[in-house]
1. For a quick check of your reading of the model, give me the residue pairs whose first member lies in segment 123-151 and is at positive phi, whose second is modelled with pLDDT of 95 or more, with beta-carbon atoms closer than 6 Å and at least 6 apart or on different chains.
2. Run Leu298 past the list (1) surrounded by 18 or more Cβ atoms within 10 Å (Cβ to Cβ); (2) touching a residue at least 60 places away in the same chain (Cβ under 8 Å) and report the number of the one that doesn't hold.
3. Please determine, by comparing only the residues of segment 69-116 that are farther than 27 Å from Ala170 by Cβ and among the basic types (Lys, Arg), which one is surrounded by the fewest Cβ atoms within 10 Å (Cβ to Cβ).
4. Under 9 Å between Cβ atoms, at least 6 apart or on separate chains: pull out the pairs that start in segment 315-337 with a residue that is within 13 Å of Gln48 (Cβ to Cβ) and end on any residue that is of a type in the set (Asp, Glu) and surrounded by fewer than 16 Cβ atoms within 10 Å (Cβ to Cβ).
5. Scan segment 241-255 for residues that are in a loop (DSSP other than H, G, I, E, B), of a type in the set (A, V, I, L, M, F, W, C) and within 16 Å of Asn165 (Cα to Cα) and report the count.
6. Could you tell me whether any residue of segment 211-231 is more than 16 Å from the ligand (Cβ to nearest atom) and either closer than 24 Å to Arg73 by Cα or surrounded by 15 or more Cβ atoms within 10 Å (Cβ to Cβ) (or both)?
7. If Thr249 passes every condition in (1) farther than 30 Å from Arg159 by Cα; (2) open to solvent by 70 Å² or more (accessible area, probe 1.4 Å); (3) within 15 Å of the ligand (Cβ to nearest atom) but one, which one does it miss?
8. Count, please, the residues in segment 232-246 that happen to be open to solvent by less than 80 Å² (accessible area, probe 1.4 Å), more than 10 Å from the ligand (Cβ to nearest atom) and either modelled with pLDDT of 95 or more or among the hydroxyl-bearing types (Ser, Thr, Tyr) (or both).
Amino acid sequence: MIDDPTTGRRRTTVDTTSLPRPLERPRRLRGGEAMRSLVSETRLSAEQLVVPYFVVPGTGEVQPITSLPGVSRFSVDKLLPELERALKLGIRSAVLFGVVPDRDKGPGADRADDPEGPVASALRAARSEFGNDIVLVTDVCLCGYTDHGHCGLLAHRPRGTIIHNDSSLARLASMAVVHAEAGADIVSPSDMMDGRVAAIRSALDSAGHEEVAILSYAVKYASAFYGPFRDAAGSAPKGDSRAPKDRRTYQMDPANAREARREAELDEREGADMLMVKPALPYLDVLARLRPTTNLPLAAYQVSGEYAMYKAAAAAGALDEADAVRESLLAIRRAGADLILSYYAVEALDKGWI
Ligand code: PBG
């Protein structure tokens, strides 16, 4: 320690010649953008992204969703130009969610398999417009079609109302067949009933749709991050006297990771062609654990609440949206996802973020 003659403060000096010199220098490979990209382990590209769309009945409908800034519900005629825009940006796949008015909902989800419903209509229109240039995925779930907002049908038992597994399977299977008939490449059950992959596979095969694939939401947690989606789809569980107000009797407990392997193995055995983990960012550990256990493609869903958080943080000036979105998508890929469902897909490509 010596006194600095100008400031009078005490300053520590170290003899640099006595310090060990680094034996390895990882920084050599970080010196510039070209060098960094040469050794980058994880890539993001347009064709790994699947863009979600909410489809409503009617024509001329563009309904912005307040809790998902930048995302709207579209009627089929308005959806087609959106799909075209996505295709031009290099995206090759979209997942469709149907949204129907309350008057079309009921305890039996009767409209879930309506061949004239918004999803089936969108499938036919998109298929005739874009042929096989686009991979069309559909959400198979009853929550958008039940008046109570649950993903399955209710049954009343002495201990209370339950979401009844086996009666829901037939409705889900019939919905999947209607989607296949309308031109879906992939049906994607998100309801979390037990045995639905087997039920859907068998129904598709007996209807002659053995080529239609199943992307199973195998590992879907009972998450707080679905809030904006439930606004968008009008599918929040109502929680009235008839039914519970959450989905914890069928979606997974956020505390569980071993159980994720069990769900994934079950769905693989039942005939799933791809598996999904959802939400994405809070469950990267789960993705990383599943990756070495399956040879199936793994998808991750960057859900509505994740999207809404980045939007809100960016609007508050708390983070750079482009950098944050790129980093989060990269993290999801690095953890083991082959494909990512993201509301950011179009914006990120359009603005050159990825
Ligand atoms: C329907 C379904 C949900 C999501 C996808 N399919 C909501 C839920 O389970 O309550 C969430 C997607 C998102 O938040 O972006 N079962």
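The values are calculated or read from the model by the stated rules, or taken from the named source; none is laboratory data. For clarity, every value in this text was computed on a predicted model and none was experimentally measured. Ideal geometry is used to build each Cβ from the backbone, glycine not excepted, and the neighbour counts take in all protein chains shown. Side chains included, ligands, DNA and RNA excluded: accessible areas come from the protein's heavy atoms. Shrake-Rupley method; radii C 1.70, N 1.55, O 1.52, S 1.80 Å.
1. Gly149/Cys143
2. Failed condition: (2).
3. Applying the filter and picking the extreme gives Lys88.
4. Partner pairs satisfying both residue conditions: Arg334/Glu41.
5. Qualifying residue count for the region: 1.
6. Yes, the conditions are met somewhere in segment 211-231.
7. Condition not satisfied by Thr249: (1).
8. Of the residues in that region, 0 qualify.
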